[in-house]
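Before any comments, here is the structure.
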Amino acid sequence: MTLSAAAAVRDGRPCELQFSGTVTDRPQFFYGRHSHAEHEAFHVRSEDGVTVDVVDNVTLATPGGGRAGDRVTVRGEFVPAERGPLVHWTHHDPAGRHAAGFIEWNGRRYA
């Protein structure tokens, strides 16, 4: 069964999620607390009206390099976080324990 972003938020449980939408802010870069890897974070307003925080490990995948207003498709693990819905694992897992995710941005797939 494929969930929409709004349905995943309503369900409130972690799941694999793929959705499309519009980037609402400029990507910010930071180093993760647990992995010490560089990450890219930005918000996407999904086609069904929810805003999702997307966090991509750019140590494993090339940064998207887009900007607010761009259309994207995101696949990764949805997590209902206290500060708002989050999708991460938007890249391959070198250890093979996680489903591969991606971000399609400006016609290019980053995985």
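Could you say which residue among GLY65, GLY76 is out of contact with any Asp or Glu (no Cβ under 8 Å at 6 or more places or on another chain) and either crowded, with 17+ Cβ neighbours inside 10 Å or of a type outside the set (A, V, I, L, M, F, W, C) (or both)?
Details: GLY76 fails: out of contact with any Asp or Glu (no Cβ under 8 Å at 6 or more places or on another chain).
After applying the criteria, what remains is GLY65.
Does ARG83 qualify as being loosely packed, with under 15 Cβ neighbours inside 10 Å and closer than 20 Å to GLY12 by Cα? So ARG83 passes the test. Among the residues making up the stretch 58-90, those that are over 18 Å from GLY21 (Cβ atoms) and in contact (Cβ under 8 Å) with a residue 40 or more places away in the chain are ALA61, THR62, PRO63. Looking only at the stretch 81-105, residues that are part of a strand (DSSP E or B) and either acidic (Asp, Glu) or out of contact with any Asp or Glu (no Cβ under 8 Å at 6 or more places or on another chain) (or both) come to 2 in all. Filtering ALA61, ALA41 for residues that are within 17 Å of ASP25 (Cβ to Cβ) and either in a loop (DSSP other than H, G, I, E, B) or touching a strand residue (DSSP E or B) at 6+ places or on another chain (Cβ under 7 Å) (or both) leaves a single hit, ALA41.
Beta carbons closer than 8 Å, at least 6 apart along the sequence or on distinct chains, pair a first residue in the stretch 29-53 that is free of Cβ contacts under 8 Å to residues at least 12 places away in the same chain with a second that is part of a loop (DSSP other than H, G, I, E, B) for TYR31/ALA37. Just one of (1) over 23 Å from LEU3 (Cβ atoms); (2) under 13 Å from the mean Cα position of the chain (by Cα); (3) not in a loop (DSSP other than H, G, I, E, B) fails for PHE30. It is (2).
Candidates are the residues of the stretch 23-47 that are polar (S, T, N, Q) and exposed (fewer than 15 other Cβ atoms within 10 Å of the Cβ); the one that is farthest from ARG67 (Cα to Cα) is SER35. Give the residues of the stretch 1-21 that are under 14 Å from ARG75 (Cα atoms) and surrounded by 11 or more Cβ atoms within 10 Å (Cβ to Cβ), sorted by residue number. Of everything in the stretch 1-21, those that are under 14 Å from ARG75 (Cα atoms) and surrounded by 11 or more Cβ atoms within 10 Å (Cβ to Cβ) turn out to be LEU3, SER4, ALA5, ALA8, PRO14, CYS15, GLU16, LEU17, GLN18, PHE19, SER20, GLY21.
Any read-out appearing in this document is the output of simple, stated calculations on the displayed coordinates, not a laboratory observation. Here the structure is a predicted model, which means the values were calculated and not measured. Positions of Cβ are generated from backbone atoms using ideal geometry, with glycine treated the same way; all protein chains shown enter the neighbour counts.
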